[in-house]
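Colleague: Input: one structure, supplied below.
The values are calculated or read from the model by the stated rules, or taken from the named source; none is laboratory data. Note that the coordinates shown come from a computational prediction; the quantities given were computed from them, not determined experimentally. Note that we place each Cβ from the backbone using ideal geometry, even for glycine, and neighbour counts take in every protein chain shown.
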Amino acid sequence: HLITLSNLMVGRQYSVQLFALDDRSGLSPAGSARTVNWQNPADSSNVSATYSMADNKYIVLTFVASNAVQVIQENLLNSGYGNFNCLVLRAVMVPGTVTLGNLSQTYDGTAKSASATTTPSGLTVNLTYNGSANAPTNAGSYTVIGTITDVKYQGCATNTLVISKGTGTVNLVNLSQTYNGTARSVTATTTPTNLTVNITYNGFSDAPTNAGSYTVIGTINDANYQGSATNTLVISKAIPPQVSLALVGTNLMVSWSQTNTGFTVQYCTDLMLGNWLNITSPAPQTVGSQWQVVLPPANAGPVFYRLMK
């Protein structure tokens, strides 16, 4: 008994299943139920297992279509009773394997794709990254699934793509400063530009004020770049301003360099007792390259002047 199957895809694997719908169980003669198998006429060695109607099972023949039309052969092995009356043709997907590669990459601002090879070679593989078809750009870990898309083969593989942070550089500047009573901060530039840098001074985030040497560490704080730099901030002691006194008529002019800012003129009448008092009026004025304060004549007795900051 020959059966012709049509509209097959050449090279694809198929299975033929024949269901026994009229079981011989309980019927007489059950022992002489009809027994058959299936055979591929093109391959005499490709023969299905043999079943009888009494088994109430189906028999399977698997073959690879060599033509769009294929003939299969039913072999009657005895003259028993029963009918095979449901024929099912199924396309069989052959397992293929997927190997994912390029799973360790470094951020550079471009999309980073995994690669996929297959067995057999040359199969189309669809890749997803955390469920998206778009390859990721930013540093991080992504679940990669590669699935074979083919009419004959099926298979998939799962792995992790790791995009490491790129390397940035940090340059610390303003490392030599002079005490002036305020916090003295260093600045940082980066390559690439405009990255955020966290700066510490001897392990603290607050910039120091007092004279001394401080270990400065600048660390890039960015989702896609990493890097750091270490240097030393030196805050030198302040150099006292040189004070000049001069008579201008009957007035006394106190002057000092304009580079020394933030000073107040003080006076007292007894160095032993101290009791220095601020002169708030007149306020210091800049004249040329100097600060100047012009004071009216003092009362009788000595008067001492100093600058204080």
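Colleague: Does the stretch 172-223 hold any residues that are under 30 Å from Asp108 (Cα atoms) and either in contact with a Lys or Arg (Cβ under 6 Å, 6 or more places away or on another chain) or hydrophobic (A, V, I, L, M, F, W, C) (or both), and which are they?
Modeller: If the condition is that a residue be under 30 Å from Asp108 (Cα atoms) and either in contact with a Lys or Arg (Cβ under 6 Å, 6 or more places away or on another chain) or hydrophobic (A, V, I, L, M, F, W, C) (or both), then Leu172, Val173, Val186, Ala188, Leu195, Val197, Ile199, Val216, Ile217, Ile220, Ala223 are the ones that fit.
Colleague: If you take the residues of the stretch 107-154 that are surrounded by 14 or more Cβ atoms within 10 Å (Cβ to Cβ) and at pLDDT below 95, which of them is nearest to Ala65 (Cα to Cα)?
Modeller: Lys152
Colleague: Now a separate question. Working only within the stretch 175-203, note down all residues that are more than 16 Å from Asn221 (Cα to Cα) and either in a strand (DSSP E or B) or touching a residue at least 40 places away in the same chain (Cβ under 8 Å) (or both).
Modeller: Matches in the stretch 175-203: Leu175, Ser176, Gln177, Thr178, Tyr179, Asn180, Gly181, Arg184, Val186, Tyr201.
Colleague: Something else: Taking the criterion of being under 24 Å from Thr178 (Cα atoms), in contact with a strand residue (DSSP E or B) (Cβ under 9 Å, 6 or more places away or on another chain) and of a type in the set (Phe, Trp, Tyr), would at least one residue in the stretch 225-239 satisfy it?
Modeller: Scanning the stretch 225-239, I find no residue that is under 24 Å from Thr178 (Cα atoms), in contact with a strand residue (DSSP E or B) (Cβ under 9 Å, 6 or more places away or on another chain) and of a type in the set (Phe, Trp, Tyr), so the answer is no.
Colleague: Please indicate, with yes or no, whether at least one residue in the stretch 162-173 is loosely packed, with under 12 Cβ neighbours inside 10 Å and over 19 Å from the mean Cα position of the chain (by Cα).
Modeller: Yes: the stretch 162-173 contains one or more residues that are loosely packed, with under 12 Cβ neighbours inside 10 Å and over 19 Å from the mean Cα position of the chain (by Cα).
Colleague: So, in the stretch 285-305, of the ones that are aliphatic (A, V, I, L, M) and in a strand (DSSP E or B), which residue ends up surrounded by the most Cβ atoms within 10 Å (Cβ to Cβ)?
Modeller: Val293
Colleague: Same structure, new question: For the stretch 266-284, which residues satisfy the criterion of being under 17 Å from Met253 (Cα atoms) and assigned to a strand (DSSP E or B)?
Modeller: Within the stretch 266-284, Gln266, Tyr267, Cys268, Asn278 qualify.
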